[in-house]
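Notes follow the structure.
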Amino acid sequence: MTISAPASAVTSKTAINYTVTFPEAQAHYANIEMTISGIKNTTTDVKMPVWTPGSYLVREFAKSVEGFAAFAGGKEIPAIKITKNTWRISNGKASSIKIVYKVYAFEISVRTAFIDASHAFLSTSGMFMYPADSLHAPSTIHIKPYKGWTTVSTSLDHVGDDPFTLYSPNYDILFDSPIEVGTQDVFGFDAAGVKYEVAMCGGGNYNREQMKIDLAKIVEAETAIYHENPNKRYVFIVHNYVKGGGGLEHLSSTVLGAVRDGYATEGTYHNFLSLAAHEHFHLWNVKRLRPIALGPFDYDTENYTRSLWIAEGFTTYYQNVIMRRAGLYKPDEYLGVVAANITSAENLKGNKTQSLSDASFDAWIKYYRPTENTPNTNASYYGKGANVAMLLDLEIIRHSKGAQCLDDVMKYMYDEFYKVKQRGYTEEEFKATLEKYTGVNLDDFYQKYVSGLAPLDYDRYLGYAGYKLVDDYAANNIPTLGVTIVTGGGKSMVTGVMRDGAGWIDGINVNDEITAIDGAAIPEIDKFIAANKKVGDKISVSVIRDGQKMVLPVTLLRNPGVKYHIEDKGTPTAEMLAVRKKWMHL
Ligand SMILES: [Zn+2]
């Protein structure tokens with residue numbers, strides 16, 4: 001998407017400065033003073049972005065702004081809102097203006113700002129207004145920390161010796177460079193010729209030295225795919241909470257949510273490293289090698305693409321590939337992770353309802369706006385996208401007799417589009433490159449798996465490596481209501497109803513409280529039905545719906561859930577072993 005550029009009010013003589021103070025950090029506010037000088041026009045529009053790149057939802061950051069006022073020569077001048085996120089300032093002949101506003105920040109996530117007395121996480125797209133039509137303009141940011149705050153962590157360069165004065169060459173960089181201010185524990189390591197910095201916020205039982213070693217292995221393994229690491233400096237900002245999670249990629253940094261006391265548990269630590277591998281892989285795939293719609297960004301509206309199954313799905317595939325190559329997953333663990341990803345994708349009804357292409361396009365209104373019915377209607381461009389990436393990887397390895405893999409596609413696309421053409425790729429361009437490396441016309445593959453709903457033929461592709469998929473539940477004939485029940489406070493509440501399950505067909509609703517099965521109160525309903533009933537049994541389910549009691553006759557159906565593992569398919573041939581060696585990094 002290109003951004004129309006009418007005559008800019010801001011010229012090359014323009015200087016934009018922000019000063020950020022925290023007089024009410026304890027109440028979750030930042031006060032921002034923005035000065036613009038070198039203005040030529042008599043009116044100046046400033047805007048707040050409506051979304052943050054990487055997280056495809058219009059979040060309306062202007063909703064958290066208050067106390068907006070504009071000044072020239074020490075006097076307040078007229079300013080009026082003309083759209084939900086645009087303020088028009090009548091500056092008359094004044095060529096320098098000062099704007100003040102406050103931002104309320106109390107949403108804990110990797111993609112939204114959060115401020116309290118202990119620290120400030122400035123998710124920049126929700127914090128800094130920009131002069132309309134001047135996204136190219138540089139700016140300087142002065143941070144005045146709240147009492148006790150000592151440290152700033154960001155990929156923005158600082159000016160001179162002052163770590164609290166930051167410089168941004170343009171707004172695409174500013175909005176892609178979150179800033180953490182507080183008392184975080186900062187440590188560094190060098191890898192792939194790049195200075196890495198880790199900022200641990202909120203404490204935790206992590207082992208600094210081990211983390212440096214493990215993150216360096218991930219960085220080296222990822223850099224080896226592209227043969228270059230385009231950053232000079234890169235920052236991992238880690239937010240530790242009791243139950244932290246999620247991550248958001250940026251050009252030269254990432255923000256990760258983590259479990260504060262989970263680092264000493266192997267599974268939780270591996271999840272953290274795998275998340276770090278995912279977000280770091282994005283510095284190539286999506287931040288630089290990107291779908292054509294994703295940059296330069298339009299911060300005013302949705303930026304649509306049908307390629308998130310590549311941007312996110314391939315990255316999800318690679319996070320595990322990299323864990324394997326870095327030696328952090330052993331071969332058996334890797335096969336287990338692959339099987340688990342297939343299991344969760346196949347158990348998600350939405351993958352049979354919505355295509356990957358549509359899921360990508362509608363991320364703005366579906367993936368990021370989940371409802372109780374989301375598991376039935378939304379495909380996962382992460383999980384299913386990763387599985388499609390795996391099929392393509394195996395096809396390339398087979399075609400090249402173990403000489404090439406999906407890495408070669410990623411490197412070719414990075415070189416050709418990011419470095420040579422200096423633009424994003426179209427869907428057709430990515431497909432053409434996949435066809436070149438698989439040696440196959442992919443019309444049918446795309447029709448079935450990308451724009452269509454055909455079941456993925458895992459066995460065909462895993463068979464190239466001498467493996468097959470086995471469903472541990474295939475022989476089960478266990479009955480189920482097909483509803484999700486959350487028990488607490490002595491109540492069993494329905495929170496989800498699976499498409500085409502018994503509850504779906506016979507009318508159990510989300511928000512029903514199940515009080516009895518066949519007239520008896522049952523504490524663990526799923527377990528009771530699985531142990532005591534048969535498929536086809538007719539039972540009565542007593543519920544309270546909006547204060548009214550009712551009894552629903554329900555015919556139990558077989559639990560359609562699958563649970564896969566991967567095993568050898570007979571004795572592998574030499575050809576299969578060559579594919580396996582490359583795919584499994586043996
Ligand atoms: Zn991602």
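The values are calculated or read from the model by the stated rules, or taken from the named source; none is laboratory data. Since the model is a prediction, treat every value here as computed from it, not as a measurement. For neighbour counting, all protein chains shown are included, and Cβ atoms are generated from backbone atoms with ideal geometry for every residue, glycine included.
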(request) Go through (1) buried (at least 23 other Cβ atoms within 10 Å of the Cβ); (2) more than 22 Å from Asp408 (Cβ to Cβ); (3) away from the ligand (no atom under 16 Å from the Cβ) and name the single condition Ser360 misses. (result) (3)
(request) Answer with yes or no whether Phe189 is touching a Lys or Arg at 6+ places or on another chain (Cβ under 8 Å) and either part of a strand (DSSP E or B) or hydroxyl-bearing (Ser, Thr, Tyr) (or both). (result) yes
(request) Find all pairs meeting these conditions: Cβ atoms under 7 angstrom apart; at least six residues apart or on different chains; first residue within region 356-367 and under 13 Å from Glu312 (Cβ atoms) and not assigned by TED's automatic domain parsing to the domain that holds Tyr56; second residue among the basic types (Lys, Arg) and assigned to a helix (DSSP H, G or I). (result) Leu356/Lys384
(request) From the list Thr573, Thr484, Thr480, pick out the single residue that is modelled with pLDDT of 95 or more and either in contact with a helix residue (DSSP H, G or I) (Cβ under 6 Å, 6 or more places away or on another chain) or surrounded by fewer than 16 Cβ atoms within 10 Å (Cβ to Cβ) (or both). (result) Thr573
(message) Please count how many residues of region 126-136 are assigned to a loop (DSSP other than H, G, I, E, B) and touching a Phe, Trp or Tyr at 6+ places or on another chain (Cβ under 7 Å).
(response) 2
(request) Using the structure shown, decide if Glu312 is of a type in the set (Asp, Glu) and under 15 Å from the mean Cα position of the chain (by Cα). (result) yes
(message) Please return the ranges of strands (runs of 3 or more DSSP E) entirely within region 497-558 where 1 or more residues are of a type in the set (Asp, Glu) and in the same structural domain as Val483 (by TED's automatic domain parsing).
(response) 513-517
(request) Filter region 264-283 down to the residues that are assigned to a loop (DSSP other than H, G, I, E, B) and surrounded by fewer than 19 Cβ atoms within 10 Å (Cβ to Cβ), then identify the one that is nearest to the ligand (Cβ to nearest atom). (result) Thr265
(message) Conditions first: (1) among the β-branched types (Val, Ile, Thr); (2) in a helix (DSSP H, G or I); (3) within 16 Å of the ligand (Cβ to nearest atom). Val337 passes all but one, so which condition is the exception?
(response) (3)
(request) Please find, within region 446-457, the residue that is surrounded by the fewest Cβ atoms within 10 Å (Cβ to Cβ) out of those that are outside any loop (DSSP other than H, G, I, E, B) and in contact (Cβ under 8 Å) with a residue 12 or more places away in the chain. (result) Tyr446
(request) Return the only residue of Asp298, Asp261 being more than 12 Å from the ligand (Cβ to nearest atom), within 27 Å of Trp364 (Cβ to Cβ), surrounded by fewer than 19 Cβ atoms within 10 Å (Cβ to Cβ) and among the acidic types (Asp, Glu). (result) Asp298
(request) Report, by residue number, each residue of region 144-179 that is surrounded by fewer than 23 Cβ atoms within 10 Å (Cβ to Cβ) and among the acidic types (Asp, Glu). (result) Asp157, Asp161, Asp162, Asp172
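Rundown of residues vs (1) within 23 Å of the chain's Cα centre (by Cα); (2) in the same structural domain as Thr44 (by TED's automatic domain parsing); (3) of a type in the set (A, V, I, L, M, F, W, C), yes/no style:
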residue: Glu107; (1), (2), (3): yes, yes, no
residue: Val110; (1), (2), (3): yes, yes, yes
residue: Asp116; (1), (2), (3): no, yes, no
residue: Ala132; (1), (2), (3): no, yes, yes
residue: Ile141; (1), (2), (3): no, yes, yes
(message) Here is a check on your reading of the model: is Glu228 surrounded by fewer than 19 Cβ atoms within 10 Å (Cβ to Cβ), outside any loop (DSSP other than H, G, I, E, B) and more than 16 Å from the ligand (Cβ to nearest atom)?
(response) no
